[in-house]
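Working notes for the structure below.
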């Protein structure tokens, strides 16, 4: 029986490295948008895929990874969606499984979910501006870019990817290529949706995502600010007031503090008119 999302996020807030299942967590997140999503059915699908991929996993690690990538990105047809990169469906795990389209982090989640169920050790690597996976055993580590059809990456390739995505220099050091804990991976997934919904002025969905992020990071003042601003723009000034005050309590000297005070005054004025 799948866990409930509230309980999952509570665990990850306490311990971002808690040994929870990535696929189940991602499907629970998707259920916010797709309330009738059958989590168990999708988990069973991943288990079936892990069985199907077994004949591809022969020989040493490099051959196993080639087999996994051939199965996922050629046989199954998973691929990146650069044309509609900011389509929110690319970020919902159930939709990625159904449409075979995703962004780097969601395709990495598929690779990890299937690979781990098939017995491989695969972890997510959160590069600045991009997301990849790392397969490893006691002898070797292999970096893979699922968004690029499972391309095997060198350290120089990783540096080039970050340079292209961010315009900033990057050193692919051992520390920079450390696996990302599940809790931080979930934060990154949610932040992708946050950016999409804010850009689209979809305040109700942005509020929902921000509230999920606050479950993971309850002390984050910026989340209070963004929630308050979204509530104002969503014509719910009463719900905005506490969040805007919470932000100003800890960020009174921030560059945007005066702007936030103006939003707070407007919310208070609006609520006062109700009395």
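Selection of segment 210-223 for residues being in contact (Cβ under 8 Å) with a residue 24 or more places away in the chain and either assigned to a helix (DSSP H, G or I) or under 17 Å from residue 236 (Cα atoms) (or both) yields 212, 213, 215, 216, 221, 222. Criterion applied to 253, 242 was being surrounded by fewer than 16 Cβ atoms within 10 Å (Cβ to Cβ), assigned to a loop (DSSP other than H, G, I, E, B) and not assigned by TED's automatic domain parsing to the domain that holds residue 13, and the one residue passing it is 253.
Name every residue in segment 191-209 that is in a helix (DSSP H, G or I) and crowded, with 16+ Cβ neighbours inside 10 Å, in order of residue number. Break it down stepwise before answering.
The initial filter retains those residues of segment 191-209 that are in a helix (DSSP H, G or I), namely 191-199, 203-209.
Result: 192, 193, 194, 196, 197, 198, 203, 205, 206, 207, 208, 209.
Pairing each residue of segment 136-151 that is modelled with pLDDT of 95 or more with any residue that is exposed (fewer than 13 other Cβ atoms within 10 Å of the Cβ), provided the two are 6+ apart or on different chains, yields C-beta distances under 7 Å for 142/62.
Of the numbered criteria (1) within 29 Å of residue 39 (Cα to Cα); (2) crowded, with 17+ Cβ neighbours inside 10 Å, the one residue 142 fails is (1).
The residue that is surrounded by the most Cβ atoms within 10 Å (Cβ to Cβ), counting only those in segment 85-109 that are over 24 Å from residue 135 (Cα atoms) and out of contact with any helix residue (DSSP H, G or I) (no Cβ under 7 Å at 6 or more places or on another chain), is 87. Inside segment 88-100, residues that are in contact (Cβ under 8 Å) with a residue 60 or more places away in the chain and farther than 14 Å from residue 113 by Cα make up a count of 4.
The values are calculated or read from the model by the stated rules, or taken from the named source; none is laboratory data. Quantities reported herein were computed from a predicted structural model and do not represent experimental measurements. We place every Cβ from the backbone using ideal geometry, glycine too, and count neighbours over all the protein chains shown.
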